[in-house]
Every structure is written in C-alpha cells, then in structure tokens.
There are 2 protein chains.
Amino acid sequence: MSRTLPHPTREQIELPLVLDCLSDPIRLAIVYQLAQQERVSSELRCGDFNGLSGKSNLTYHFAKLRDCGLMQTRVAGTNRFMRLRRDDLEARFPGLLDAVLKSAAKDAEKLKLAPVCDVVEAG
Amino acid sequence: MSRTLPHPTREQIELPLVLDCLSDPIRLAIVYQLAQQERVSSELRCGDFNGLSGKSNLTYHFAKLRDCGLMQTRVAGTNRFMRLRRDDLEARFPGLLDAVLKSAAKDAEKLKLAPVCDVVEAG
DNA sequence: CCTTATGTTCAATGATTATTGAACTATCGA
DNA sequence: TCGATAGTTCAATAATCATTGAACATAAGG
C-alpha cells in the first residue's frame, strides 16, 4: 500500500516528545543500537531489534520514534529500514543526541544495551 | 515532619528517569527556571513556580524531580528551597543537562518558558 | 493565643502508557 | 502457485501518569 510513512519535518521536531521517546529503555536501546551501527551502515531493519521485545511491541516503539522525529523509516519490500535523523536532530537541538548517547554508553551494562563496540570517541 | 527529604546519591541517578522527568513541560520549565536563576541565586522556593501550575500539582512534580536526582530540596521553616544538582548531573552524564537546557532555550516561546531576565515577583 | 503563608497528603479522576497475542497484509523465493 | 518471511493492525489488559480540590500540617509574626 503506502510506500512512504509520515514523518515530521525538521522544524516539527519537539523537545518534550524527543526526551520522552528517549526515556523508554527499549526505545533508548533502539536508538543506541542504531547509533552503534552508523559507521557500518546507516540503516537497520526492524528484525535487527527482535532481541529487544516482541514484534508488535517493536512496531509500537518504532512508530513513536518515527513520530517524534528521531528516526526515519524507509520501506523496501517486506523490510523496513530505519536510520537516525542525526542531521535534523543536530540542527534542531545541537549536542543533545550525542549527550544522550554518551550518557547511555556510560550505563550500557545497567541499561542492557548492545555491547557491540565503543560508541564514544574522544573529542 | 522530617527535616530532610530523601535524595538519590550521585551514583543512583539514572538516565531514563532523568529523561522522563525532563520530558514533561512543567518539569522542564521548573528546571529551566532554576537554571536561569542560578547566576543570581542557586536556590528558588516552591512558591516561585506557582505560575506553572497549582500547588499540589507542583508538589507532585517537585517530588519527581527530586526522586530522579535532578534537584535537591532544602527545608527551611515553612519554605522549601530547591536547586539544580548541576555537579552531580555533570559528573554522571556530562553535557546532558546543558544540551537539554540549550535545546529548551531555543524553543523557549513554544515551551512557554520564563523569559531570561524576567523573574516574577507578583503580589 | 490567633492568623496568615507556606507547602504536603490524600483520594478520585481521566488520560496515556507499554505489553501481549492473534489475525492480517504484503512481499519474496522456489 | 505455494509457502515462508517481515512487519502491521487490532483489541484487551494492567500500570502509570498528570491534574484537581479539599483537608491537613507547620512555622512565622503580630
């Protein structure tokens, strides 16, 4: 059916919604994992997050992340590819996403985040 | 009544709780106003926030802000003085509070935050 | 003492939230 | 065409949330 999903424009991204989205452990883990993977590929499929929760629950969280402007979803066949809206976030709220990701990285264990590799680099 | 209120230690401050606290417009306004005032005085009374909501609702939000470690409450007579736990936040999540405050400042109008130099003394 | 000003506690309410599973749609590959 | 794969939709649930007002507690000041 619809090949494109609704996303807010850069200007429509709002701080309380972004913070609320990031305050949920599952959504934070999604964003974190997305950020981790960015160097390899800017996109991940829904299925790459199946370890975090059930599929229908993930659909729910993906919608929230998309609605608040944190990530963009691209439909390709039966797959949905998602990426962080880094530039939009940075333009809108400079330094915010990095600060959150760095904070999350500090508590990676406690937050049960993907222990893949280091997300932070020295400034 | 107990003269001291319970606060989490620096190490007990957790990212999701902090983000969730900051995601509420009223609480964000409280934190913002507290940050604005910091150069003049590090503390504000509960009553200084009466413009944001009713007293009992503010008590509720103050408790959330205190419980998550964002602010500290000091009891003095019939007054409660509150301040931002800037150093603890900075130690725990470097750059996070500043990024949020800067982001909030960008949307000050939209978020109906107190104008910079305008500290209301009604009465 | 009494009054006033400060802020809390409590109960009730309506709204939102995260989660689950079953049923469903749509696409790809053999 | 058939069957497997990827993900959504829907309804139901339990939990938490923000908000309100009334009643309460405490301290300061006359």
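For this structure, a couple of remarks:
- Most positive-pole-ward Cα, A:Pro6, A:Gly95, A:Asn50, against dipole of region A:1-116 from beta carbon charges: A:Asn50
- What separates the A:Val40 label point from its copies, with the point 7 Å along Cα to Cβ, is 5.3 nm, written shortest first.
- Put simply, chains B and A cover up around 1900 Å² of each other's accessible surface, both sides summed, when a 1.4 Å probe is used.
- Ascending list, in nanometres, of distances separating the A:Lys110 label from those of the other copies (7 Å, Cα toward Cβ): 3.0
- Computed from point charges on the beta carbon alone (+1 for Lys and Arg, -1 for Asp and Glu), the dipole magnitude for region A:1-60 about its Cα centre is near 240 Debye.
- Burial of 40 Å² or greater, region B:1-46 residues [accessible area, probe 1.4 Å, versus chain by itself]: B:Leu15, B:Pro16, B:Leu19, B:Ser23
- Global geometry of region B:1-66, whether rounded, prolate or oblate, following the gyration tensor of its Cα atoms and the 1.5 cut on a/c: rounded
- For region A:1-118, the dipole from Cβ point charges (+1 on Lys and Arg, -1 on Asp and Glu) about the Cα centre works out to 360 debye, to the nearest 20.
- DSSP loop GluC sites (Glu not before Pro) with at most 10 other Cβ within 10 Å: longest gap in chain B: B:1-108
- Percent carbon-and-sulfur accessible area, chain B, ignoring ligands, DNA and RNA, probe 1.4 Å: 52
- Computed over chain B, relative contact order equals 32 percent, with contacts defined as Cα pairs under 8 Å that lie 6+ residues apart.
- Cα gyration tensor category, rounded, prolate or oblate, for the protein assembly as shown with a/c compared to 1.5: prolate
- Short-range pairs are left out: with C-alpha atoms under 8 Å and at least six residues apart, the relative contact order of region A:1-68 is 45 percent.
- With a 10 Å cut-off around each Cβ of B:85-95, the average count of Cβ atoms from other chains is 2.
- Within the protein assembly as shown: Cβ-based charge dipole about Cα centre, in debye rounded to nearest 20 (Lys, Arg +1; Asp, Glu -1): 440
- Take B:Ser53, move 7 Å from Cα toward the beta carbon, and the resulting point lies 2.4 nm from the same point in each other copy, nearest first.
- Global form of region A:9-122, assessed from the alpha-carbon gyration tensor, a/c cut-off 1.5: rounded
- Neighbour count of at most 16 Cβ within 10 Å plus DSSP loop: longest trypsin sites (Lys or Arg not before Pro)-free window in chain A: A:40-109
- In the context of the full set of protein chains, residues of chain A present 52 Å² of accessible surface per residue (probe radius 1.4 Å, heavy atoms only).
- Put simply, the amide H of B:Met71, placed in the peptide plane, has neighbours under 5 Å in B:Arg66, B:Arg85, leaving out anything fewer than 5 places away on its chain.
The values are calculated or read from the model by the stated rules, or taken from the named source; none is laboratory data. All of these numbers come straight from a predicted model, not from anything done at the bench. Every residue, glycine as well, gets a Cβ built from its backbone with ideal geometry; the counts of neighbours run over all protein chains shown. Each accessible area value is taken on the protein alone, full model and side chains, heavy atoms only, with ligands, DNA and RNA left out. Shrake-Rupley method; radii C 1.70, N 1.55, O 1.52, S 1.80 Å.
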